[in-house]
Amino acid sequence: MEISKLFDNILDLPGIEGVCLFGTQGQMYVNRLPSFLSTELFADAQRRIVAMYETMDENFQPCDDYMLKFSERWLLLRRTDKHVMLILAGDKVNLASTRMVTNMTMKHLTPTLIAQLEAAAKGGLALVAVVTPVVVAPPAATRAPFAQAAAGSTPPMAKSAITAAPFQAVNAAPAKPVVAPAVAPVTAVVAEPVRATTVRMYRGRPY
Amino acid sequence: METSAKTVFAMTNSPVTQIMQAPNVLGYVHCSESGDVLVQQGSEVDSLANVLVYFQQVAGLIGESFGLEDFQEAQIQAKALTVICIPHQGGAAGVVLNSRSRVNETAAVVRQALANG
């Protein structure tokens, strides 16, 4: 099963507002949290969560699950071997259902899948973008940079960059200048003023 | 005679007694904000008392990172037991439950007992 579908199952539950999976070393593997949570703020949270796990493990007992309840939201933290899944939910969420679904998700996080996630994180690929496709770029626009590269106007793209294109959908900025010229002629036609001319008619026909 | 009866009544209806009488409760600890242990009863609470206030503070900070305020409760699940942590009188109250407990129901009992106390 694709990892994005696993996390979709969690987000399908009523009241669930976001979920993410990160490593205890600070790597972010999957981020489906609301967009208003900035990366800097989340880095702080990540550091505190890891510190909390370590402190509780050493000074109390190894605890894998934490449910933190605030006035309007819940935070559910679930740990596997090297990863922590964080779920942000509203206060009306069914906690038992959330646990069941997250159990299934964690069950599917096989060592192979986790190795792929780790490799992607080390390679700098944003699996975030795989899970949450952001840019809706038209196919012509995405192909245009390659045409430009062939014409020699821009440096040719490396093969790895081409294969990684879906992962870098967020950085699809080159698509924008290509789209503009296609639109320009249309606006030029529309902008041309229409002149009023007098037409002389004879028996229903202009002459 | 009447005074002693009132004392016994008060003791049996104290928040700590009510909490300890709840099903599957193993222990209770109440720490001040500075970490001093104010009340401690039952088992499995010695090590909890050491980390309870720290945990509550970090939980509040984690919530702040997400823009969440007013930390109300935490449920900590270990293999053999569950801990409920509730802010109480400026400090933290921790209740240790065994694995068979119904955590949400017990949390409601604890919350009500602490509110009445």
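Overview of results
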{"quantity": "Amide H contacts under 5 Å for A:Asn94, placed H, 5+ residues apart", "calculated": "none"}
{"quantity": "Burial ordering of A:Tyr53, B:Tyr28, fewest other beta-carbon atoms within 10 Å first", "calculated": "A:Tyr53, B:Tyr28"}
{"quantity": "Whether the stretch A:1-118 is rounded, prolate or oblate, judged on the alpha carbon gyration tensor where a/c under 1.5 counts as rounded", "calculated": "rounded"}
{"quantity": "Unit charges on C-beta of K, R, D, E only; dipole of the stretch A:4-56, Debye", "calculated": "80"}
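Every number here is computed from the coordinates shown, using simple stated rules; none is lab data. All values reported here derive from a predicted model rather than from experimental measurement. For neighbour counting, all protein chains shown are included, and Cβ atoms are generated from backbone atoms with ideal geometry for every residue, glycine included.
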